[in-house]
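Taken together, the values in this text are just the output of simple stated rules run on the coordinates, not laboratory data. Since we're looking at a predicted model, the values are computed, not measured. Every residue, glycine among them, receives a Cβ derived from its backbone with ideal geometry; neighbour counts consider all protein chains shown.
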Amino acid sequence: VNHDPLWSQYVQYINNLLHGNLGTSITYLPTPVAVVIGQDLPWTLVLVGVALVLSFIIGTVLGIIVVWWRGSFTDGVLTPFFTFLSAIPYFWLALVLLYVLGSQLNWFPIHGGYDTDTTEPGWNLDFILSAAQYAILPAVTIIIGSIAGWMLGMRNAMVTTLSEDYVLMAEAKGLPLWRVMFTYGARNAILPNITAFALSLGFVVSGSLLTEIVFSYPGIGFAILQAVDNLDYALLQGIFLVITLAVLGANFLADLLYVVLDPRVRLGRN
């Protein structure tokens, strides 16, 4: 127990922090916190990062398609369906997929990050294929749970953009519909989605907490659960510090992207 004054303990903490010393994890004693985070972070980055990119691409494309046929049967079916989908708790969806596809049909593994009986972690084909198989259900859960938000956001932005005067002028000039939709509509309507995507990158580090818990996936989210169960404050502080830095970096990236993608920002700055 450290009996130094609080200000002295704080100075020591900052000094250790600057030297990369986040303390020792109680849960994984005597492993340092930095090592624990370094082991768990790649699992979360790959799982949540790939799922986020796929959900963003699929949701954005679906949003454009729905607006392309707005008022049609496609719009009338997809929009309410994805609105309903966005209201489903993703941890409940994870439990359903786990029970149906994992437990009943035995199509996918139901827990863990790879087959610990037949493979060893490393850059080898057996481990990569095993890790990919174990990541399918958690990734599908994240994709389904987030795709609706990207689709509805893109649809709403497209509807607003297509009512602008420059879009009406492009239609009056007789430009092909695909060019109006993509060059004049989607190119401008996607800006809010790109900003939200950049901000979401910061939360990739924190992982999908409940999804990782449901599937016992060895990522940052599961490490947070273990730290809470064992009152491992050093590990929690280290994880939250990494998440904070990632979110701040993502906010900075979003500001830079807006300057590059939106000419109005550059003109206003100049």
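Odds and ends about this structure:
- In order along the stretch 92-98, phi translates into HN-Hα couplings of 5, 4, 4, 5, 5, 4, 4 Hz, rounded to whole numbers, per the Karplus curve 6.51 cos²θ - 1.76 cosθ + 1.60 with θ = phi - 60° and x for Gly and Pro.
- Placing R0 at 45 angstrom, the Cβ-Cβ distance between GLU120 and ASN15 gives a FRET efficiency of 0.75 after rounding to 0.05.
- For the chain: relative contact order, % (alpha-carbon pairs under 8 angstrom, 6 or more apart): 27 percent
- Among HIS111, HIS3, sorting on how many other beta-carbon atoms sit within 10 Å of each Cβ, with the fewest leading, yields HIS3, HIS111.
- Shape call, the chain: gyration tensor on alpha carbons, a/c limit 1.5: oblate
- Value at 222 nm in deg cm²/dmol, rounded to 500, when DSSP H runs of n ≥ 4 in the chain each add -39,500 (n - 2.57): -22500 deg cm²/dmol
- Computed from backbone phi, the HN-Hα couplings of the stretch 5-13 come to x, 4, 5, 5, 5, 5, 4, 4, 4 Hz, rounded to whole numbers (Karplus: 6.51 cos²θ - 1.76 cosθ + 1.60, θ = phi - 60°; Gly and Pro given as x).
- Potential lengthening between SER8 and THR244 on full extension [0.36 nm per residue; Cα-Cα distance subtracted]: 82.6 nm
- Derived scalar couplings ³J(HN,Hα) [the stretch 127-138; Karplus, 6.51 cos²θ - 1.76 cosθ + 1.60; whole Hz; x for Gly, Pro]: 5, 4, 5, 5, 5, 5, 5, 6, 8, 4, 4, x
- Separation between Cα centres of the stretch 163-188 and the stretch 105-153, rounded to whole Å: 40 Å
- Maximal additional length on extending the VAL228-LEU257 stretch stands at 6.8 nm, based on 0.36 nm per residue less the C-alpha distance.
- Relative contact order of the stretch 170-270: 29 percent, from C-alpha pairs under 8 Å at least 6 residues apart in sequence.
- Listing TRP92, TRP150, TRP68 from fewest to most neighbouring C-beta atoms within 10 Å gives TRP92, TRP68, TRP150.
- For the pair GLN237 and THR31 in one chain, pulling the backbone fully straight at 0.36 nm per residue adds 72.6 nm over the alpha carbon distance.
- Taking amide H as placed 1.01 Å from N in the peptide plane, the amide H of THR24 sits under 5 Å from that of VAL33, each at least 5 places away or on another chain.
- Paramagnetic label reach from THR74 (point 7 Å along Cα→Cβ; backbone nitrogen cut-off under 20 Å): within the stretch 145-177, residues 147-163, 171, 175-177.
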